[in-house]
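Undergrad: Can you read through this structure? Questions will come right after.
Nothing in this text is a laboratory measurement; each read-out follows from the coordinates by a stated rule. Here the structure is a predicted model, which is why all the values come from computation and not from measurement. Glycine gets a Cβ as well: all are built from the backbone with ideal geometry, and neighbour counts include every protein chain shown.
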Amino acid sequence: MTNPTFDIQAAIQALRDGKGLSGKDGILTPLIKQLTEAAMQAELEQHLEQDEAPNRKNGSSAKTMKSTAGSFELNTPRDRAGSFEPQIVKKHQTQLTDE
């Protein structure tokens, strides 16, 4: 599985073409999604390293997140034991805020 990367050249071209920074099709929205998912994966990996009981990754679930930059689908990682409690985007949280 390959991780998508933010295409800076495409973002610059989109700005030149008049596309906005925020909103559903905004230039920053995919970057926020990518950074948030990477941070949550790192959180899960750290959780699994600290967990004394046998546990492992168990896919992900998608949810729609709303942010000031626009809405996007976030893939939230899961663990088999169900003990992973993400801190960056908590369970049942649907909005990203500056707080």
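Undergrad: Between 0 and 90 degrees, rounded to the nearest ten: what's the tilt of helix 28-50 against the longest Cα principal axis of the chain?
TA: Computed tilt is about 10 degrees.
Undergrad: Which three extents, in angstrom, do the Cα atoms of segment 1-59 have along their principal axes, listed largest first?
TA: 53, 21, 15
Undergrad: Determine, from the Cβ-Cβ distance of R56 and D7 and an R0 of 25 Å, the FRET efficiency 1/(1 + (r/R0)^6), rounded to the nearest 0.05.
TA: Approximately 0.20, to the nearest 0.05.
Undergrad: Here's a follow-up. Based only on other Cβ atoms within 10 Å, what is the fewest-to-most ordering of K33, K24, K19?
TA: In increasing order of surrounding Cβ atoms, one gets K24, K19, K33.
Undergrad: Now, a different point. Where does the charge balance sit around F6 when Lys and Arg score +1, Asp and Glu -1, over other residues with C-beta under 14 Å from its C-beta?
TA: Around F6, the surrounding residues sum to -1.
Undergrad: Scattering from the C-alpha atoms of the chain alone, worked out with Debye: what is log10 I(q)/I(0) at q = 0.12, 0.13, 0.16 1/Å?
TA: Rounded to two decimals, the profile gives -0.46, -0.52, -0.73.
Undergrad: Kindly provide the helix-only [θ] at 222 nm of the chain, computed as the sum of -39,500 (n - 2.57) over DSSP H runs of four or more divided by all residues, to the nearest 500 deg cm²/dmol?
TA: Counting only the DSSP helices, I get -10500 deg cm²/dmol.
Undergrad: Still on this structure: Report the one residue of A11, G59, L44 whose Cα lies farthest in the direction of the positive end of the charge dipole of the chain (charges on C-beta: Lys and Arg +1, Asp and Glu -1; origin at the Cα centre).
TA: Of the candidates, A11 comes out farthest on the positive side.
Undergrad: Across the chain, how many lysine pairs, 8 or more apart or on two chains, come within less than 12 Å at their alpha-carbon atoms?
TA: Taking the Cα cut-off of 12 Å, the pair count is 6.
Undergrad: Now for a separate question. Between the DSSP loop rule and a limit of at most 11 other Cβ atoms within 10 Å, which GluC sites (Glu not before Pro) in segment 1-89 are left?
TA: Passing both the DSSP loop test and the Cβ count: E52.
Undergrad: Gap in Å between the Cα centre of segment 77-93 and the Cα centre of segment 18-55?
TA: 12 Å
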